[in-house]
1. Being among the aliphatic types (A, V, I, L, M), under 12 Å from A243 (Cα atoms) and surrounded by fewer than 24 Cβ atoms within 10 Å (Cβ to Cβ) is true for just one of L422, L395, L401, L389. Which residue is that?
2. Taking segment 1-56, which residues are part of a loop (DSSP other than H, G, I, E, B), modelled with pLDDT of 85 or more and on the phi < 0 side of the Ramachandran plot?
3. Is it fair to say S337 is surrounded by fewer than 13 Cβ atoms within 10 Å (Cβ to Cβ), in the same structural domain as I300 (by TED's automatic domain parsing) and small (G, A, S)?
4. Determine whether E105 is surrounded by 13 or more Cβ atoms within 10 Å (Cβ to Cβ), modelled with pLDDT under 65 and over 29 Å from the mean Cα position of the chain (by Cα).
5. Do the conditions hold for D128, that is, is it surrounded by fewer than 18 Cβ atoms within 10 Å (Cβ to Cβ) and modelled with pLDDT of 80 or more?
6. Any chance you could count how many residues in segment 57-75 are hydrophobic (A, V, I, L, M, F, W, C) and modelled with pLDDT under 85?
7. Give the residues of segment 330-359 that are among the polar types (S, T, N, Q), at negative phi and assigned to a loop (DSSP other than H, G, I, E, B), sorted by residue number.
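The values are calculated or read from the model by the stated rules, or taken from the named source; none is laboratory data. Here the structure is a predicted model, which is why all the values come from computation and not from measurement. Cβ placement follows ideal geometry from the backbone for every residue including glycine, while neighbour counts extend to all protein chains displayed.
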Amino acid sequence: MKIIPLSDCEVRHRQRSKIAPKPLNDLIDSILKVGLLHPPVFWFDSTVGKWVLSVGERRFRAFEKINENSPKPIPHIHCGTDTIPPGFIAITPLGEYLDAVGRFEAELDENIHREELSWQDRVQALSDLHEMRKHENPTQTRSQTGAEIAQRGGAKSLESGREMLREAIIIAPFLDNKAVANARSADEAVGLIYKAQEEAALSALAKRSLARMTARPDVEVRHGDLTDVLPNLEPGQYDLILADPPYGIDAGGAGFRARAIHHHNYLDDSDSAQALYRIILTEGFRTSKPRANLFLFCDIDYFDWLKRIAAQIGWVPFRRPVIWQKSESEGMAPWGSAGFRLTTEYIFYATKGQRGLNASPTDIFNIRRVTRRERIHAAEKPVELLQRLIECSTLPGDSVLDPCCGSGSTLVACRESKRTGLGIEKDQGYFNTAVANVHGGGQDNGHSSTPSAPVSILQDILGRT
């Protein structure tokens, strides 16, 4: 045991990316009452004169916080002294016989046998372990590293250890992708990667076909941020603006993620949503024809605000929202069993130049939402609903603009309704999906089928050794 100044300690790259606040605070309370029972493990880096943390980051962070908030002596009966002075910490020095790989293994053992890593941190650590093993031994196979994982107790069986490593090697390069990182499990993440790679391949094939076309296609998907693309469109082109922007209800937050199967991997705060609505209303008015219509999907909290802003710009808003009844039973329950289940969504309708609708449909559209199995985008709308909106507000040959087109369902509806259309999508993954759906032979319901197996583009990732 050794007592050293906290200022002599250094924390470098860790396998665990986050430390949950509650367990950390519980440990702080325990240390203040009982003392530090098990010192963290450090090794000395003589090149910089610092003690570098190997195992026990939570204990080290607890000491840091104690000394930030209320420095005081800490009881510790195992260090040859009654207390640890303020600004110091008791450590267990790690023997010099362990190299960098050995220290990594020690940290991994601590994480496997003590508190479980998040699945994201686990797959990154397992992938890193295999890379270290290959650096030591270029002939190292995945089977050998998988067997080592099983022997360490990180898997229930030899086959399970190999499968965990295979999964980790697939996922680790994609952890900077929001959709993958926000998946509930490693299995779900692998499915998302397969799907994204398949859509990218289909999108590339569709783009090649489009490049060979001599005439401009009736529907077009454009990759870009609507805030950049809309101001550069020619004025007076479109008969209908149809948009489903983020609702400004923190749909990407932890509360929604805990209750929803499909995640909203985009910024969804109130200020950002209002900014998007404003530019769609403003640029939509400019780029639409003298007589045109507009539909905006929205949350009820923004309906009155939309009416006011739209009227200021020049639109004539319909007084009440149009209702989409998307299910008889499936829906978010914000209050759990203490509140109602939400099975409807709201659509803001406005017109320009007294165009109005072709007929007078009822203000409730009872159309089933896209099933969970088939849903690609968390906010995906069924093609049938979009087609009904398009057909009641435009005529065949008219043009439609969707400035945040997601997986391209609006453009599929345009094609089915014999309208022309332009869709804009910022996210590369959804853009690929939209191109594949609209130009690559996607199904008529606006989404392509779920792949039953990885496509060839994944062979370099999935190659067996």
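1. Checking each option against the conditions leaves just L422.
2. Answer for segment 1-56, where residues must be part of a loop (DSSP other than H, G, I, E, B), modelled with pLDDT of 85 or more and on the phi < 0 side of the Ramachandran plot: V11, P40, T47, V48.
3. Taking the combined requirement at face value, the residue satisfies it.
4. Spelling it out, E105 is indeed surrounded by 13 or more Cβ atoms within 10 Å (Cβ to Cβ), modelled with pLDDT under 65 and over 29 Å from the mean Cα position of the chain (by Cα).
5. yes
6. 1
7. T343, N358, listed by residue number.
To keep it simple, each residue is scored yes or no on (1) within 22 Å of R388 (Cα to Cα); (2) without any contact (Cβ under 8 Å) to a residue 24 or more places away in the chain; (3) among the small types (G, A, S); (4) not assigned by TED's automatic domain parsing to the domain that holds P334.
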| residue | (1), (2), (3), (4) |
| --- | --- |
| T282 | no, no, no, no |
| R286 | no, no, no, no |
| A292 | yes, no, yes, no |
| C298 | yes, no, no, no |
| Y302 | no, no, no, no |
| I313 | no, no, no, no |
| R320 | yes, no, no, no |
